[in-house]
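Peer 1: Before I ask anything, let me first share the structure, which is written out below as structure tokens.
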Amino acid sequence: MNSLFRNTQLTINVSPTSFFRAGYASYICGLAEMHNLDCRDIIIEISEKTFMNNKELYKFSIATYREKGLKIAIDDFGKDYSSLSLLDGIDYDIIKIDGDFVQNIRSPKNKIIIEMVVKIANLSDKLVIAEEI
């Protein structure tokens, strides 16, 4: 790997259909290997609504990705249907707070929501990214 990109991570936004497709984690890692990338440097971004249904399926799927060394990021947290219990029930590495909260951080409610999500993530040693639109 080129030394210029030694500490670079690749983030891939994945649709729910692709995320739950059998063998998709292996497919991603296969592509990574073809390009001399390490699967441990790849972050799979999935929206929180991906996890609103079949709990056993998403837990199994996440375990499959993590076995390959892929990281999991919950993208656009707070954008649509949000459940704080989601943060306790999913094995994730990164939570990305939706840009609308960040853009309106002067709102007392938004500020408290952001602080709460950060505190919850910190309790679990998770990384928080505040997105900007």
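The values are calculated or read from the model by the stated rules, or taken from the named source; none is laboratory data. From a predicted model like this one, the values you see are computed outputs, not experimental measurements. In this analysis, Cβ positions are derived from the backbone assuming ideal geometry, glycine residues included, and neighbour counts consider all displayed protein chains. Ligands, DNA and RNA are stripped out before the accessible areas are found, and what is left, the full protein with its side chains, is counted by its heavy atoms. Shrake-Rupley method; radii C 1.70, N 1.55, O 1.52, S 1.80 Å.
Peer 1: Could you list all residues from segment 40-59 that are in contact with a strand residue (DSSP E or B) (Cβ under 9 Å, 6 or more places away or on another chain) and of a type in the set (A, V, I, L, M, F, W, C)?
Peer 2: I42, I43, I44, I46, F51
Peer 1: Going through segment 44-65 one residue at a time, which ones are open to solvent by less than 50 Å² (accessible area, probe 1.4 Å) and within 24 Å of D98 (Cβ to Cβ)?
Peer 2: I44, E45, I46, S47, E48, T50, F51, Y58, S61, I62, Y65, listed by residue number.
Peer 1: Say we look at segment 44-69 and pick out the residues that are touching a residue at least 24 places away in the same chain (Cβ under 8 Å) and not in a helix (DSSP H, G or I); which of these is farthest from T8 (Cα to Cα)?
Peer 2: It comes out as M52.
Peer 1: Turning to a different aspect of this structure: Please list, ordered by first then second residue, the pairs with beta carbon atoms under 9 Å, 6 or more apart or interchain, first in segment 120-133 and closer than 18 Å to N110 by Cβ, second part of a strand (DSSP E or B) and open to solvent by 90 Å² or more (accessible area, probe 1.4 Å).
Peer 2: Close Cβ pairs satisfying both conditions: A121/L127.
Peer 1: Quick check on segment 86-133: of everything there that is of a type in the set (A, V, I, L, M) and in a loop (DSSP other than H, G, I, E, B), which residue is most open to solvent (accessible area, probe 1.4 Å)? Before you say what the answer is, go through the steps one by one.
Peer 2: Within segment 86-133, the subset of a type in the set (A, V, I, L, M) is 86-87, 90, 94-95, 97, 102, 105, 112-114, 116-118, 120-121, 123, 127-130, 133.
Applying the additional criterion that residues be in a loop (DSSP other than H, G, I, E, B) yields 90, 105, 133.
On the way: I90: 10, I105: 81, I133: 127 Å².
Taking the candidates together, the pick is I133.
Peer 1: Which of the residues that make up segment 18-43 are open to solvent by 70 Å² or more (accessible area, probe 1.4 Å), in a helix (DSSP H, G or I) and over 12 Å from Y65 (Cα atoms)?
Peer 2: Correct list: E33, M34.
Peer 1: Oh, and also: Does D75 meet the test of being within 18 Å of P16 (Cβ to Cβ), under 10 Å from the mean Cα position of the chain (by Cα), surrounded by 13 or more Cβ atoms within 10 Å (Cβ to Cβ) and of a type in the set (D, E, K, R)?
Peer 2: Here the answer is yes, as D75 does meet what is asked.
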